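What follows is a short report on a single structure.
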Amino acid sequence: MKVLVVGSGGREHAMAWKLAQSPKVQQVYVAPGNGGTAKDKNLVDVPITDSLLLRQWAIDNGIGLTLVGPEAPLAAGIVDDFRAHGLRIFGPTQAAAQLESSKAFSKAFMQRHGIPTAEFETFTDAALAHAYVDRKGAPIVVKADGLAAGKGVVVAMTLAQAHEAIDFMLLDNTLGVAHNAGGARVVIEEFLQGEEASFMVLCDGKNVAALATSQDHKRLLDNDEGPNTGGMGAYSPAQVVTAEVHARAMREVILPTIRGMEKDGITYTGFLYAGLMIDPQGRIKTLEFNCRMGDPETQPILMRLKSDFFEVLMAATSEGLDHFEMEWDRRVALGVVMAAAGYPMNPRKGDVITGLPKDSEEAMVFHAGTIEKDGQIFTSGGRVLCVTALADSVKQAQQKAYQAASPIAFDGMQMRRDIGYRAIKN
């Protein structure tokens, strides 16, 4: 069967790489792809970004399965359109994708269906938002409502930071956020303490299957300092997600979300990502929902997946997940992101990348913001590469990933040196 992966990031490179391993897959296409998918002899890039043109291309080329990586096409309704034309596609509909595309929708949904989350209020008026922050105090969290590529969240440790974030998101709106209701909107919520984990599942419309757990590192700098990013590295499994926390996440967050969507008249299919905050007692609250696999969590998770990813997705697109058991490598996978100069706010593009090592079964370089020109690889986005390694422990996986990353160089490169530190510290 011919398979199409929609997207251009590290997540999509990892998905395409894993799908190409299936003996049941004839060819994997990536639209539009990146420098890494371009140089992979098992993958074919398709230079199309318009979803309607892509749908016609999929029909013309006999694509049997489409997998959507990023959130923007999901929020724009690519799943609805492909399905309306008889194409098999895995992902949520436009209505279901509101869980990610609108933080205001998501928080109201959680409140309505009793899903544990932080106390919050939503504002379009800057003066009212400022007054609310003054009343509640700091630390406090300010979120842009809409898609902001993982950069629309400010964890304000002081009142001054909170007020600056409100003005930035409501008055300046320079994030390029895609809003659902026309104007700019912010969600302001209580600051939660604990340890974060990424909890991802697949849903086929009726049944739910959990993926391996993972932990992302959102801050730009070591020791979780600096601004929030789309993610600077991740590892799997996440030690903080014990068997008890796993059961609680399914019982208190995932299943009520799927059932709640059903009650609201929306059938949920696709990946569902719950960002969880876990307190020292193992209690959980939901920070956010994403309607796709996380990036960079996908890279270590798929390094550990031993099952045929194509078969997983075929089961998920035919209400067959209740009969499917995924098998996982017992080892730890850890991925380190190498980001461009100026990331996250003003990433620089066009720097040549040198020293890329050969990929192996235990160490992969997944490309994200890269482009190939005349046989050379250049930076073309904020997060450039994710170097991911498998080993018997978090410490060994960390060492192997940084060892694989050591020869890679490009001007202004930014890279955290402590991915996985929480697990090693514990």
For the chain, take N as its residue count and report Rg(C-alpha) divided by 2.2 N^0.38 Å.
0.93
Largest first, how would Phe309, Phe168 line up by accessible area (1.4 Å probe)?
Phe168, Phe309
Just reorder Ser406, Ser214 by solvent-accessible area, largest first, 1.4 Å probe, all chains present.
Ser406, Ser214
Accessible area (Å², 1.4 Å probe, nearest 10) - Ser307:
20 Å²
Give the accessible area for Arg383 in Å² (nearest 10); use a 1.4 Å probe, count only protein heavy atoms, and leave out ligands, DNA and RNA.
50 Å²
Given a Förster distance of 30 Å, report the FRET efficiency between Glu327 and Lys39 from their Cβ-Cβ distance, rounded to the nearest 0.05.
0.55
Leading residue at positive end of dipole, region 151-268 (Cβ point charges), from His163, Ala212, Asn223
Ala212
Along the charge dipole of the chain, Cβ charges K/R +1 and D/E -1, which of Thr49, Pro32, Val141 sits furthest on the positive end?
Pro32
Segment Lys2-Leu221, extension gain: residue separation times 0.36 nm, minus the distance between their alpha carbons:
74.8 nm
Under a 1.4 Å probe, counting only protein heavy atoms, Asp418 has an accessible area in Å², nearest 10, of 20 Å²
How high is the relative contact order of region 315-426, in percent, with contacts defined as C-alpha pairs under 8 Å that are six or more residues apart?
34 percent
Of Ala184, Thr117, Val253, which is farthest towards the positive pole of the chain's charge dipole, taken about the Cα centre with +1 and -1 on the beta-carbons of Lys, Arg and Asp, Glu respectively?
Val253
Per residue, how many Å² of accessible area does region 341-426 show with a 1.4 Å probe?
49 Å²
Helix-only mean residue ellipticity at 222 nm for the chain, each DSSP H run of n ≥ 4 adding -39500 (n - 2.57), per residue, nearest 500:
-7500 deg cm²/dmol
Once the Cβ-Cβ distance between Asp279 and Asp172 is put in as r, and R0 is 56 Å, what FRET efficiency do you end up with, to the nearest 0.05?
0.95
Taking every DSSP bridge whose two residues both lie in the chain, the antiparallel percent to the nearest 5 is 80 percent
Counting only protein heavy atoms and using a 1.4 Å probe, what share of the accessible area of region 1-127 belongs to carbon plus sulfur, as a whole percent?
49 percent
About the Cα centre, and with charges only on the beta carbon of Lys, Arg (+1) and Asp, Glu (-1), how big is the dipole of region 1-79? Nearest 20 debye, please.
280 debye
What dipole magnitude, in Debye to the nearest 20, does region 309-426 give about its Cα centre under +1 on Lys/Arg Cβ and -1 on Asp/Glu Cβ?
820 debye
For region 47-94, the per residue accessible area (1.4 Å probe, Å²) is 42 Å²
Relative to the Cα centre, what is the charge dipole magnitude of the chain, using +1 at the beta carbon of each Lys and Arg, -1 at the beta carbon of each Asp and Glu, and rounding to the nearest 20 debye?
420 debye
The summed charge of the Pro357 Cβ neighbourhood (under 14 Å; Lys/Arg +1, Asp/Glu -1) stands at 0
Stretched out fully, how many nm does the piece from Met157 to Lys425 gain, at 0.36 nm a residue minus the Cα gap?
94.1 nm
Cβ-Cβ FRET estimate between Ala209 and Lys263, R0 fixed at 22 Å, reported to 0.05:
0.55
Taking a spot 7 Å from the Cα of Gln376 along the direction of its beta carbon, which residues of region 386-426 have an amide N less than 14 Å from it?
409-411
Of every hundred units of 1.4 Å-probe accessible area on region 273-426, the number belonging to carbon and sulfur atoms, as a percent, is 45 percent
Region 283-335 - Debye-derived log10 I(q)/I(0), Cα point model, q = 0.30 Å⁻¹
-1.09
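The values are calculated or read from the model by the stated rules, or taken from the named source; none is laboratory data. Being a predicted model, the structure only gives us computed values, none of them experimental. Methodologically, a virtual Cβ is constructed for each residue, glycine included, from the backbone with ideal geometry; neighbour enumeration extends over all protein chains shown. These area figures cover heavy atoms from the full protein model, side chains too; ligands, DNA and RNA do not enter into them. Shrake-Rupley method; radii C 1.70, N 1.55, O 1.52, S 1.80 Å.
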